[in-house]
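Student: Just dropping this structure here.
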Amino acid sequence: MTVISGPLGAGKTTLVNRLLSEPGDRRIAVVVNDMGEINVDAELLANEADTGEEGVVDLSNGCICCRLQDDLVTEVTRLAEERSFDYLVVEASGISEPIPIARTLTVGPDGGDPPEGFHLDTTVSVVDAYGFWKAFDPEESLPDTAPDPERPLTEVLVDQIEFCDVLLLNKCDMVPDDALESVEAAIRTLQPRASIHRTTYSNVDPDDVLGTGRFDFEEARREQGWKQALAGAEGAESHADHEHDDEMSAAAAHGVESLIYRRDTPFHPGRFNDWLDDWDGAIVRAKGFAWVASRPETVLGVSQAGPSVQAGPIGEWGNDDPSTRLVFIGQEMDGDALIGELDDCLATDKERTEPFASDPFPREG
């Protein structure tokens, strides 16, 4: 199986149509997931597929990463029983998170049984280079042909970038070469593991997305950019927050860098929450764990992607020493200013001895 993820309009259906028209020696079946009651994508694919309606399964009015997990396994199993084919392509909806889908297809929904006779071979993310450019540099003036110039960089989009084996950077013809280099540099920092292909109209060799043998669930989770940056800084001193490589990498050449913030003093909940509201556009991604004085025993998970910010309890510190560890990935970030702003959010010794009037967490928005 190959699972294809990506935001609405990125080019997923165009990619699936290409695979159906150029299957090589494969017999391909397709499962299409859409959030609407009428699955337009499935109709488009059925019109393109030589196999007709029988080769396309429509899972509408829900998302296969959560609500339709059982339906996904049921339909995949039914396909195997009723049709003869070599390869299954699953096109997820634009809001689907790839990790739950991969888990469903490898260990089964809710710890049940995965579909028998299937092997998840490749996860593909299709990224609209044009839409990412807008989110990456929101002040950039874009041509009028932008499909949706207001589309933000969402948490789901970053999840789709961070968890994949192959990434198609699509619609590259709509982005100037210098900006495209910056976009790819940012994506490579978020996703150091995947094979990246620049495409127009999702034009890629089918062998690059089918039968690659690249899928490894644990490796895909472990080698996300923010986790690698955090792991690389674990042995550093707490004051050594901003690290520079001896050799300028391709990402650094385009102003893309990562910064680690670590402190053993908790945040003041109000000031930290206010700071989360004022993040600037230079930060593409932030992820990690925060210690907040209003709930000293709680690990606060922090996740930011473009304008989307989430922060809430994810567990207890237990035997671990409480500390804040945050990774920031962005372009042309002012590291010293960022660290200074976060330090201003730390609770003073006096504040930590007094009750807090309110606790704004969890928060999402």
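Student: Of the heavy-atom accessible surface of segment 280-328 (probe 1.4 angstrom), what whole percent is carbon and sulfur? Walk me through the numbers before you get to the answer.
Tutor: Details: 850 of 1810 Å².
Percent of accessible area from carbon and sulfur atoms in segment 280-328: 47.
Student: Would you please give the residues with an amide H less than 5 Å from that of Val31, counting only those at least 5 places away or on a separate chain, with H modeled from the backbone geometry?
Tutor: Val57, Val89, Val90, Glu91
Student: Now for a different question. Counting only heavy atoms of the protein chains, get the accessible area per residue of segment 307-354 (1.4 Å probe) and round it to a whole Å² value.
Tutor: 55 Å²
Student: Under a 5 Å amide H to amide H cut-off, with H placed in plane at 1.01 Å, what residues pair with Val126 once short-range neighbours are removed?
Tutor: The answer is Ser5, Gly6, Leu168.
Student: Oh, and also: Residue by residue, what Karplus-based ³J(HN,Hα) values in Hz, rounded to whole numbers, does segment 202-219 have, using 6.51, -1.76 and 1.60 with θ = phi - 60° and x for Gly and Pro?
Tutor: Whole-Hz 3J(HN,Hα) from phi for segment 202-219: 6, 7, 9, 4, x, 5, 7, 10, 10, x, 7, x, 8, 5, 8, 4, 5, 5.
Student: Could you give the length gained by full extension between Asp344 and Arg78, i.e. 0.36 nm per residue of separation minus their alpha carbon distance, to one decimal place? Could the numbers behind the result be given before it?
Tutor: On the way: separation 266, 0.36 × 266 = 95.76 nm, distance 5.80 nm.
Full-extension gain reported as 90.0 nm.
Student: May I pose another question? In whole Å, what are the Cα extents of segment 164-215 along the three principal axes, biggest one first?
Tutor: 33, 24, 10
Student: Compute the signed sum of charges (Lys and Arg +1, Asp and Glu -1) over the other residues within less than 11 Å, Cβ to Cβ, of Tyr87. Spell out each step's value before the answer.
Tutor: Details: positive: Arg26, Arg27; negative: Asp25, Asp86, Asp121.
Charge balance near Tyr87 sits at -1.
Student: Multiply the residue separation of Glu364 and Arg221 by 0.36 nm, subtract the distance between their alpha-carbon atoms, and state the gained length in nm to one decimal. The partial results should precede the final answer.
Tutor: Details: separation 143, 0.36 × 143 = 51.48 nm, distance 2.31 nm.
Gain in length upon complete extension: 49.2 nm.
The values are calculated or read from the model by the stated rules, or taken from the named source; none is laboratory data. This one's a predicted model, so the numbers in the text were calculated from it and none came from an experiment. A quick note on method: Cβ atoms are made from the backbone with ideal geometry, for glycine too, and the neighbour counts reach across all protein chains shown. Each accessible area value is taken on the protein alone, full model and side chains, heavy atoms only, with ligands, DNA and RNA left out. Shrake-Rupley method; radii C 1.70, N 1.55, O 1.52, S 1.80 Å.
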